[in-house]
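Below: the structure, in structure tokens.
The values are calculated or read from the model by the stated rules, or taken from the named source; none is laboratory data. The structure presented is a predicted model; accordingly, all values stated were derived computationally and were not measured. So basically every Cβ, Gly included, is an ideal-geometry build from the backbone, and we count neighbours across all protein chains shown.
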Amino acid sequence: MKNLSFLTRCLILFFWPFIAHAAATALAVNGDVRVSTPRVVGGPLAVGQRIDSGATLTTAANAGTTLRFDDGQMIAVAGSSTYVIDDYRFNPHKPEEGGFISTLVKGGIRSVSGLIGQLNAKQVEVRTQTATIGIRGTDFDLFFDGKLYIVVQRGAIAAINDAGEGVFAADGQAIGLVLNRQTRARVAALEEFPAEAQAAFRQLDDNPELGAKARNPSDPSCSDRR
């Protein structure tokens, strides 16, 4: 029994980093969506599959996926996109200590904040080569093709780069554009967005899975959130 107990402890210690770093579940997968991890390169993503912190998601043209993170955060990834979950940390019993950093390498995403974004917004970032997006409890679309295109659906975000900070809010200046890392984010019009960006935003906004429920303090595990 002692040997078995020791073996069990060893197995738990070995696998714990992988269990602890699980971040999200794939709610929907449409078309060819691939997920890469340090151990698996380009494997197909399936509905219900758990996705670890550190994973890279790649979608083919006209494909897409919707992810539900353990704090209720929702991320939809449009077609022809590459999105990286750099670092996701969430303890359901201490949600205010969580953090979420991700990178949009190319293409489009929509992000709907969860508990981490509500309680610890300073620790939530979406990075691109052009600017880093900081949130203020929000719902927004991004598209990146060398330039960064922004549409805020609810709440507000800040686009920060070497030139400073540009703030966009749903109840004011909701549409933005960042030309490069040395140029400050500015207000834009949808007509300035390329056809690929507009198509990605239409795909993301038509996604039936999106929408985070309000926080329920009696359910710290967020099991009632989708």
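Quick notes on this structure:
- Residues located in segment 28-50, provided they are more than 20 Å from Asp87 (Cβ to Cβ), among the charged types (D, E, K, R) and assigned to a loop (DSSP other than H, G, I, E, B): Asp32
- Some residue of segment 142-165 being in contact with a helix residue (DSSP H, G or I) (Cβ under 6 Å, 6 or more places away or on another chain) and charged (D, E, K, R): no
- For segment 149-179, the set of residues classified as in a loop (DSSP other than H, G, I, E, B) and under 19 Å from Gly108 (Cβ atoms) consists of Gly155, Ala170, Ala174, Leu179, listed by residue number.
- Which listed residue, of Lys122, Lys147, is closer than 16 Å to Gln198 by Cβ, of a type outside the set (S, T, N, Q) and surrounded by fewer than 24 Cβ atoms within 10 Å (Cβ to Cβ): Lys147
- Any pair with Cβ under 6 angstrom, 6 or more apart, that starts in segment 21-34 at a residue that is on the phi > 0 side of the Ramachandran plot and ends at one that is part of a loop (DSSP other than H, G, I, E, B) and modelled with pLDDT of 95 or more: Gly31/Ala60; Gly31/Ala63
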